[in-house]
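Down below is the structure, laid out as structure tokens.
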Amino acid sequence: MVLATGTELIEDVRKAPDDVLSMTEQSIEFLQPEYTLDLLNMDDSFQTDVIRSKLTRNIAVTFKEVREELIMAMDDFIPTCDGEIAEWVKVVIQETIERVICRATNCIFVDVRDCRDYDYQTLNSTFAVNVVKFGMIISLFPKPLKPIVSRMISNLPSQIQQEIGFIRPMVEERFAKMEEYGEDWDDKPNDMLMWLMSEAKGVERSFEGVARRLLLVNFAAISATSLTFTQMLYRLLANPKYVEPLRQEVDAVIREEGWTKAGIDKMHKIDSFLRETQRLDGLTLLIVSRIALRPFTFFNGVTVPAGTLVSIPANAIHTDERIHPNADEFDGFRFAKLRESEGNNMTSRHQAVSTSSELLAFGLGKHTCPGRFFAANEVKALFAHIVTTYDIKFEEGKGVPREHCIAGMRFPGKANFDVQDTAEVNSLWI
């Protein structure tokens, strides 16, 4: 393995063509998709184009639906008394957030009925975990043994069949209408399932093909988003001084914009809180990982041979004092202050969705996370709702749990928090 640090070396990695430094090969090595997803052709990643175009372009259109589902999910998963939380109640953070994110995401991935189905949520949440877990295990074995090991340990094929069971009626109906009316008809659904069906070709245009792609998109959408949000909550719980200024920001923005995507975009402090959490609590120790398909020479003359794993040490970059002053200190409004000090012309570079060699949470270059705009919008909407709706605190005597690191991935520890309705509710927040 070779680690690239410094602007020039990182730029070399960013600009390297795919036939020299390959992300696809690295993903194959990490996820073992032939055995975990029954996906033989990782290059045929048409779901990425669907996310980049259809999902991103529909964020404003679907915002109301997603936010309403976030709120209903929180109401369903947090115990209440006659619709109100009068006393402090204990909530399991990770499991609750994972189900809320899964449900809100799938209200525009499939439909309201399935997104609210507890078994459907369980299927998609556990699939995301299992792909990584089984991929890591299978990668330890030589190629001749991989199929055997996969059959012994993996339940992913059965999960794909479960997904088919959920979506079959919808897919049958939609394929029938596509056959009859072509690509357009009255009341044509505007959701991820429909977008994937429209783009699918050949063997992908089948129940199993569509189910695999839908599971793959859920894998990308649920796991990282819910883990990042969990880290944000831990930071807020550990630093309650941020609650009041965050509430004030939400109040000011909602008075002007209402609960809209435009309003979420103006919540600079919440955006900064997300970006600062990603800076210190990023989900991977190594980022922008590539496998050299042939010898690659950096600008300084160093050449790495074919087969070398090239990565960027995210934590080292994110805690570099030359880039981020007081780098080890969590400053939730760090990037909001930078946006304000540098003026409107420079605001975009400090947004949570912006990527650069200085902050790599979403990757870098043409393989930057395509779903980051949707994910960030969803996270900020949920964060704004929690901040303005509840008072929250760690359980008595508890604090931020120790994180776990497995194969270069960082997982927040499990914790509970106490929650009650805030006494400061403003009618505009609802």
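The values are calculated or read from the model by the stated rules, or taken from the named source; none is laboratory data. Owing to the predicted nature of the structure, the values given are computational and were not obtained by experimental measurement. Ideal geometry is used to build each Cβ from the backbone, glycine not excepted, and the neighbour counts take in all protein chains shown.
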(message) If I go through segment 255-286 residue by residue, how many of them are surrounded by fewer than 22 Cβ atoms within 10 Å (Cβ to Cβ) and of a type in the set (A, V, I, L, M)?
(response) 5
(request) Scan segment 370-393 and report the pairs whose first residue is closer than 18 Å to Thr48 by Cα and free of Cβ contacts under 8 Å to residues at least 24 places away in the same chain and whose second residue is crowded, with 22+ Cβ neighbours inside 10 Å and aliphatic (A, V, I, L, M), with Cβ atoms within less than 7 Å and a gap of 6+ or a chain change. (result) none
(message) Please pick out the residue among Asp119, Asp186 that is out of contact with any helix residue (DSSP H, G or I) (no Cβ under 6 Å at 6 or more places or on another chain), modelled with pLDDT under 90 and farther than 15 Å from Glu34 by Cβ.
(response) Asp186
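Within segment 200-246, can you find the residues that are part of a helix (DSSP H, G or I), small (Gly, Ala, Ser) and in contact (Cβ under 8 Å) with a residue 12 or more places away in the chain? Give the steps one after another, and end with the answer.
Residues of segment 200-246 that are part of a helix (DSSP H, G or I), as a first pass: 202-204, 207-238, 240-246.
The next check asks that each one be small (Gly, Ala, Ser); those that pass are 202, 209, 211, 220-221, 223-224, 226, 238.
Within segment 200-246, Ala211, Ala220, Ala221, Ser223, Ala224, Ser226, Ala238 meet the criteria.
Residues that are touching a Phe, Trp or Tyr at 6+ places or on another chain (Cβ under 7 Å), of a type in the set (A, V, I, L, M) and either in a helix (DSSP H, G or I) or modelled with pLDDT under 95 (or both): does segment 37-48 have at least one? Write out each step before concluding.
Residues of segment 37-48 touching a Phe, Trp or Tyr at 6+ places or on another chain (Cβ under 7 Å): none.
Scanning segment 37-48, I find no residue that is touching a Phe, Trp or Tyr at 6+ places or on another chain (Cβ under 7 Å), of a type in the set (A, V, I, L, M) and either in a helix (DSSP H, G or I) or modelled with pLDDT under 95 (or both), so the answer is no.
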(message) Whether any residue in segment 327-345 is among the polar types (S, T, N, Q), within 19 Å of Ile270 (Cβ to Cβ) and in a helix (DSSP H, G or I) is what I want to check.
(response) yes
(message) Considering only segment 103-111, I want to know if a residue exists there that is in contact with a Ser or Thr (Cβ under 8 Å, 6 or more places away or on another chain) and within 16 Å of Leu214 (Cα to Cα).
(response) yes
(message) Scan segment 135-151 and tell me whether some residue there is of a type outside the set (Gly, Ala, Ser) and touching a strand residue (DSSP E or B) at 6+ places or on another chain (Cβ under 9 Å).
(response) yes
(request) Would you mind finding the one in Ser139, Ser150, Ser158, Ser154 that is surrounded by 15 or more Cβ atoms within 10 Å (Cβ to Cβ), within 25 Å of Cys102 (Cβ to Cβ) and not acidic (Asp, Glu)? (result) Ser154
(request) Could you please tell me which pairs satisfy a Cβ distance under 8 Å, a separation of 6+ or placement on different chains, a first residue in segment 48-66 that is within 19 Å of Thr368 (Cβ to Cβ), and a second residue that is among the acidic types (Asp, Glu) and at pLDDT below 95? (result) Asp49/Glu199; Val50/Glu199
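Quick grid of which residues meet (1) part of a helix (DSSP H, G or I); (2) within 19 Å of Gln47 (Cβ to Cβ); (3) touching a His at 6+ places or on another chain (Cβ under 6 Å):
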{"position": "Arg151", "(1), (2), (3)": "yes, no, no"}
{"position": "Gln161", "(1), (2), (3)": "yes, no, no"}
{"position": "Ile164", "(1), (2), (3)": "yes, yes, no"}
{"position": "Arg168", "(1), (2), (3)": "yes, no, no"}
{"position": "Val171", "(1), (2), (3)": "yes, yes, no"}
{"position": "Arg174", "(1), (2), (3)": "yes, yes, no"}
{"position": "Met178", "(1), (2), (3)": "yes, yes, no"}
{"position": "Glu183", "(1), (2), (3)": "no, yes, no"}
{"position": "Pro189", "(1), (2), (3)": "no, yes, no"}
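In segment 259-306, what count of residues is obtained for those that are among the polar types (S, T, N, Q), over 12 Å from Leu21 (Cα atoms) and touching a strand residue (DSSP E or B) at 6+ places or on another chain (Cβ under 6 Å)? Write out each step before concluding.
Within segment 259-306, the subset among the polar types (S, T, N, Q) is 260, 272, 277-278, 284, 289, 297, 300, 303.
Then keep just the ones that are over 12 Å from Leu21 (Cα atoms); that gives 260, 272, 277-278, 284, 300, 303.
Next, from what is left, pick out any that are touching a strand residue (DSSP E or B) at 6+ places or on another chain (Cβ under 6 Å): 284, 303.
Number of matching residues: 2.
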(message) For the list (1) more than 28 Å from Ser311 (Cα to Cα); (2) touching a Lys or Arg at 6+ places or on another chain (Cβ under 7 Å); (3) at pLDDT 90 or above, I need the number of the one condition that Phe77 fails.
(response) (3)
